[in-house]
Amino acid sequence: MVRTLFFLLALLASAFCDTLEERVASLMDAREYRAHQKLIGLLFENEREYKKGSSYDMVKVARTLEENGLLKLSLPQAQRVALTFEYSGENPLFFMKIMNDTLRNIGLSFVLTTHAALGSDGFNWQVSFVSKRVPSPVILAQRLQKRGASIEEIVREDAAHWRYRIDMSGAKIAAIPILAGEVKKIVRPVRTVWLDISHIKRLIVSELPGSHWFPDLVVYDKMLRILSIKQSDERVRYVTLALPSEAVYAKIGDRFTLENIRSGLRVAAKGER
């Protein structure tokens, strides 16, 4: 509750930051800002360059600071770093999938969820981990952009606590596309496999020699709402799925362990949609 209130106050404060200079200062330690105020004035002299609608492009601000050695992300010692992500959309599961993939892509495979709450104003998710460095907001923005998502707002609470508001309106999951008539082999998967099945009518998944597959198949729509599930506690050599018109993603795994399909699976797509 305290953190949520803090964030709302921080956002309110940022809304009343009339100048670019004030927004720049919000991402910096006060002492560092004072020490480099003249350089900052030169770097951000062209205010229009950083405008984004009625506000400012805080990712662009962060990039300029980082390129000039003014965005301090290193910590004096290893400590708990907290990142909070705000999402105002209607599907937290979709949001969590995108964010988990993005965090993994910047090297954060193991994070602790310290807060998760769904309210009338959206979804709030906080993760933490121990590190001597805070992830670069610029790199985070680049990885999100590859998924069609973007950072709308950045709030630096202190050196080790950062908050982000995320726009997911154009987001897509990282999934292997498959078209009618194609056959793909999945060999030695280290995690469950996601396919983009938005252009096909039927999916056939079968064992490759040496595998002992216990199916765990889930079909989703574009917002990760589950459309169908196929699971079995017994070995199955192949599964055929008739796909509804709203099907966009399929997740393929094993009911018990991916070691069961180390030799691989064969995936065939039928029927153009």
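No value in this document is a laboratory result; all are computed from the given coordinates. Since we're looking at a predicted model, the values are computed, not measured. Heads up, the Cβs are rebuilt from the backbone with ideal geometry, glycines too, and the neighbour counts pull from every protein chain shown.
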Requested in this report: Take the Cα radius of gyration of the range 2-167 and divide it by 2.2 N^0.38 Å, with N its residue count; two decimals is plenty.
Outcome: 1.02
Requested in this report: Using only the alpha carbons of the range 194-245, determine the length spanned along each of the three principal axes and report them from longest to shortest in whole angstroms.
Outcome: 34, 20, 17
Report summary line: With x for Gly and Pro, the residue-by-residue ³J(HN,Hα) of the range 32-44, computed from phi through the Karplus equation 6.51 cos²θ - 1.76 cosθ + 1.60 at θ = phi - 60° and given in whole Hz, is 4, 5, 5, 5, 10, 4, 5, 4, 4, x, 6, 5, 10
Query raised in the report: For the chain, what's the relative contact order in percent, using C-alpha pairs closer than 8 Å and at least 6 residues apart?
Result: 17 percent
Query raised in the report: Tell me which lysines have Cα within less than 22 Å of LYS172's Cα, excluding those fewer than 8 residues away on the same chain?
Result: LYS97, LYS146, LYS184, LYS201, LYS222, LYS251
Report task. Taking 7 Å along the Cα-to-C-beta vector as the label spot, tell me the ARG104-ASP167 distance in nanometres, rounded to one decimal. Result -> 2.7 nm
Requested in this report: Could you please state, rounded to a whole Å, how far the C-alpha centre of the range 27-57 is from the C-alpha centre of the range 69-123?
Outcome: 25 Å
Report summary line: Lys and Arg at +1, Asp and Glu at -1: neighbours of PHE129 with Cβ under 15 Å from its Cβ sum to +4
Query raised in the report: What FRET efficiency do you get for SER150 and GLU67 if R0 is 22 Å and r is their Cβ-Cβ distance, rounded to the nearest 0.05?
Result: 0.65
Query raised in the report: Under a 5 Å amide H to amide H cut-off, with H placed in plane at 1.01 Å, what residues pair with GLU153 once short-range neighbours are removed?
Result: ARG165
Report task. Quick one: angle between helix 137-146 and the longest Cα principal axis of the chain, in degrees between 0 and 90, rounded to 10, please. Result -> 30 degrees
Query raised in the report: When only DSSP loop residues count, what GluC sites (Glu not before Pro) in the range 182-271 have their Cβ near at most 11 other Cβ atoms within 10 Å?
Result: GLU234
Requested in this report: Estimate the FRET efficiency between GLU90 and ASN260 by the formula 1/(1 + (r/R0)^6), using the beta-carbon distance for r and 41 Å for R0, to the nearest 0.05.
Outcome: 0.70
Query raised in the report: For a label point 7 angstrom out from the Cα of ARG31 toward its Cβ, which stretches of the range 51-81 have the backbone nitrogen within less than 19 Å?
Result: 69-79
Requested in this report: Please give the helix 92-105 orientation as an angle from the longest Cα principal axis of the chain, in degrees from 0 to 90, rounded to the nearest 10.
Outcome: 80 degrees
Query - Length gained when the stretch LEU112-ARG237 is fully extended (0.36 nm per residue, less Cα-Cα span) - result: 41.3 nm
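What are the equivalent ellipsoid semi-axes of the range 176-272, built from the alpha-carbon gyration tensor (square roots of five times its eigenvalues), in whole angstrom, biggest first?
21, 14, 11
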Query - Debye, to nearest 20: dipole size of the chain, +1 on Lys, Arg Cβ, -1 on Asp, Glu Cβ - result: 1020 debye
Requested in this report: Pop a pseudo-label 7 angstrom from the Cα along the beta-carbon direction at both SER136 and LEU39 and give the gap in nm to one decimal.
Outcome: 1.7 nm
Requested in this report: Grab the Cα-Cα distance for ARG202 and GLU157, subtract it from 0.36 nm times how many residues apart they are, and report the gain in nm with one decimal.
Outcome: 11.3 nm
**Report entry** Ranked packing of 82-89, 52-59, 117-124, most packed first, by mean Cβ within 10 Å
**Finding:** 82-89, 52-59, 117-124
Report summary line: Among VAL138, SER263, ALA78, the residue whose Cα sits farthest towards the positive end of the charge dipole of the chain, when +1 is placed on the Cβ of each Lys and Arg and -1 on the Cβ of each Asp and Glu, is SER263
Query - Mean separation of Cα contacts under 8 Å, 6 or more apart, over the residue count of the range 137-197: relative contact order % - result: 26 percent
